[in-house]
1. Could you tell me which residue of the range 227-279 is most open to solvent (accessible area, probe 1.4 Å), considering only residues that are outside any helix (DSSP H, G or I) and polar (S, T, N, Q)?
2. I'm trying to understand the selection: among the residues of the range 314-349, which are charged (D, E, K, R) and under 13 Å from the mean Cα position of the chain (by Cα)?
3. Looking only at residues in the range 494-506 that are within 43 Å of the chain's Cα centre (by Cα) and free of Cβ contacts under 8 Å to residues at least 40 places away in the same chain, which one is least open to solvent (accessible area, probe 1.4 Å)?
4. When you check Ile85 against the structure, is it of a type in the set (A, V, I, L, M) and under 30 Å from Ala353 (Cβ atoms), yes or no?
5. Which of the numbered conditions does Ile313 fail, given that it passes all the others? Conditions: (1) surrounded by fewer than 18 Cβ atoms within 10 Å (Cβ to Cβ); (2) not in a helix (DSSP H, G or I).
6. Evaluate the range 324-331: report whether one residue or more is assigned to a loop (DSSP other than H, G, I, E, B), of a type outside the set (Ser, Thr, Tyr), at negative phi and surrounded by fewer than 22 Cβ atoms within 10 Å (Cβ to Cβ).
7. Of the numbered conditions (1) open to solvent by 60 Å² or more (accessible area, probe 1.4 Å); (2) modelled with pLDDT under 85, Ser379 fails exactly one; give the number of that condition.
8. Within the range 469-521, take every residue that is among the basic types (Lys, Arg) and part of a helix (DSSP H, G or I) and give me the one that is nearest to Val459 (Cα to Cα).
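The values are calculated or read from the model by the stated rules, or taken from the named source; none is laboratory data. All values derive from a computational prediction rather than experimental measurement. Here the Cβ positions follow ideal geometry from the backbone for every residue, glycine too, while neighbour counts run over all protein chains shown. Keep in mind that these areas ignore ligands, DNA and RNA; they rest on the heavy atoms of the full protein, side chains included. Shrake-Rupley method; radii C 1.70, N 1.55, O 1.52, S 1.80 Å.
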Amino acid sequence: MSEYVLLAVGIIAGLAIGYFIGQSLLKKKVQNHEEEAQKEAERILKDAKDRAESVKRDRKLEAKEHFLKLKSEFEEETSKKKNIIIQNEQKVKQMQNQASQLLEKNKREENELNSLKQKLGSQMEAATKRKEEAEKMLADQVSQLEKISGLSADQAKEQLMDALKAEAEAKASSYVKSSIEEAKMTATKEAKKIVIQTIQRTAAEQAIENCVSVFNIESDEIKGKIIGREGRNIRALEAATGAEIIVDDTPEAIVISSFDPVRREVTRLALHRLVQDGRIHPARIEEVVNKTRKEIDNEIIEIGERTVLDLGIHGLHPELIKMVGRMRFRSSYGQNLLQHSREVAKLCGTMAAEMGFNVKLAKRAGLLHDIGKVYNEESDLPHAILGMELAKKYKEHPEVCNAIGAHHDEIEMTAMISPVIQVCDAISGSRPGARREMMNSYVQRLQDLEDLALNFDGVEKCYAIQAGRELRVIVDAESTSDDAAGMLSHNISQKIEKEMQYPGQIKVTVIREMRSVAFAK
């Protein structure tokens with residue numbers, strides 16, 4: 001029994017000791033975990049502080065960079081505004097200078113007006129003195145007539161009145177004549193001054209186009225390709241364009257001859273593309289020429305738009321813009337029509353500004369004054385009247401229409417700008433070297449030659465070449481037979497002999513070509 005008690009006590013004591021030892025170990029383990037957790041927390045806190053410091057430094061740098069960027073943008077914007085202020089101040093100074101010049105000009109004109117008033121006043125005083133003298137002479141005559149003739153007072157009065165009226169009319173006529181002469185001298189002086197200032201302020205090139213263009217090539221081997229086998233390529237090119245292609249011994253050059261600048265330009269561009277492409281044969285030539293013609297039409301519109309934009313003319317009808325571009329390829333007495341019209345527009349603007357007229361209307365009328373020369377359809381009207389009708393058709397201002405129609409005195413001038421356009425047209429045309437009369441008559445003769453042949457039935461195209469010594473006529477193969485082609489050439493030559501005057505002889509060549517075209521699909 002005692003053994004069991006001792007065993008139980010020992011077991012209990014062992015359990016107690018084990019419990020205390022376990023509690024001690026557990027407490028120590030917990031303490032170790034707490035220390036590790038505290039260290040980990042301290043490490044995490046330290047890392048967080050380090051990251052916070054790093055983020056803080058980065059934010060400071062970013063803020064500093066943003067501040068510097070804003071400062072730079074502010075300084076740049078301030079500099080721009082400062083420059084704008086300086087420019088505005090300069091403009092204000094220029095306007096002040098212009099205003100002072102205008103004031104001085106007005107002052108000079110006012111002084112001139114005062115002097116004229118003084119002259120007129122002195123002349124009026126002289127007229128008053130003459131009237132008093134006439135009245136005195138009248139009284140003397142009345143008394144003398146009453147004594148000598150024994151006439152009645154009424155009869156003598158009538159005779160004296162007639163004599164006085166004749167004398168007064170003579171003196172008044174003399175006074176009016178002298179005043180008119182003086183006004184003419186003053187007006188002529190002022191007009192010359194305005195015209196000279198206008199001419200001096202407008203510079204213009206006076207290069208005159210001729211009927212020949214030179215196409216440069218890299219080597220003479222290309223000439224053989226352009227000519228083609230038995231000359232078929234060059235014949236196809238001449239037939240398609242209506243220009244004459246001259247291939248001679250001139251090194252690295254081919255001459256394009258035609259009185260029509262559009263044909264020469266089409267031929268030049270087509271040759272350029274054919275040479276670049278390398279495929280030169282009749283079918284390709286015809287395709288390239290047709291494509292080039294369409295591009296020339298687009299270029300004409302671009303030229304017109306650039307011209308009106310350069311001159312500051314707005315709201316012009318698209319058809320009028322196209323006609324303005326077409327002026328680039330027309331000439332008047334050897335003077336390029338577009339250059340002439342641009343020059344007239346600038347002269348009109350300058351002169352209108354000097355005279356206080358509407359500058360925009362003057363420029364507009366100056367540019368359009370010869371628009372009738374580039375109208376496509378046939379018309380018997382003079383180009384000034386035709387241009388006026390076109391301007392009316394496209395809703396131009398009535399003053400512009402009158403200026404166009406009256407610049408060659410075909411109609412009466414009713415607008416103030418009409419004489420300005422007439423004068424500026426004369427200034428542009430009369431510059432030394434601006435025009436050549438023979439050139440215009442030559443081009444007109446070739447144009448009449450082509451128009452004559454186009455009036456015959458069956459004629460599709462007609463080209464005057466060889467300086468008008470040959471007329472090449474292309475007819476419709478379906479409506480014209482070989483026999484009819486021979487008769488057509490004879491009839492055209494006979495009509496030329498009857499209706500036209502020309503030196504030498506003109507060769508009429510009728511070309512009839514039959515083509516059959518089918519497409520494989």
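1. Thr250
2. Result: Lys322, Arg326, Arg328, Arg342, Glu343, Lys346.
3. Kept after step one, since they are within 43 Å of the chain's Cα centre (by Cα), are these residues of the range 494-506: 495-496, 499-506.
Within this subset, residues satisfying the condition of being free of Cβ contacts under 8 Å to residues at least 40 places away in the same chain are 501, 503-505.
Numbers: Gln501: 171, Pro503: 95, Gly504: 73, Gln505: 150 Å².
The extreme case among them is Gly504.
4. Working: of a type in the set (A, V, I, L, M): yes; under 30 Å from Ala353 (Cβ atoms): yes.
Yes, satisfied.
5. Answer for Ile313: the failing condition is (1).
6. Initially, the range 324-331 is screened for residues assigned to a loop (DSSP other than H, G, I, E, B), giving 330.
Next, only the ones that are of a type outside the set (Ser, Thr, Tyr) stay: 330.
Among the residues that remain, those that are also at negative phi are: 330.
After this cut, where a residue has to be surrounded by fewer than 22 Cβ atoms within 10 Å (Cβ to Cβ) as well, the list is 330.
Looking for residues that are assigned to a loop (DSSP other than H, G, I, E, B), of a type outside the set (Ser, Thr, Tyr), at negative phi and surrounded by fewer than 22 Cβ atoms within 10 Å (Cβ to Cβ), one finds at least one in the range 324-331, hence yes.
7. Evaluating Ser379 over (1) open to solvent by 60 Å² or more (accessible area, probe 1.4 Å); (2) modelled with pLDDT under 85 leaves (1) as the failure.
8. Across the range 469-521, the extreme among qualifying residues is Lys495.
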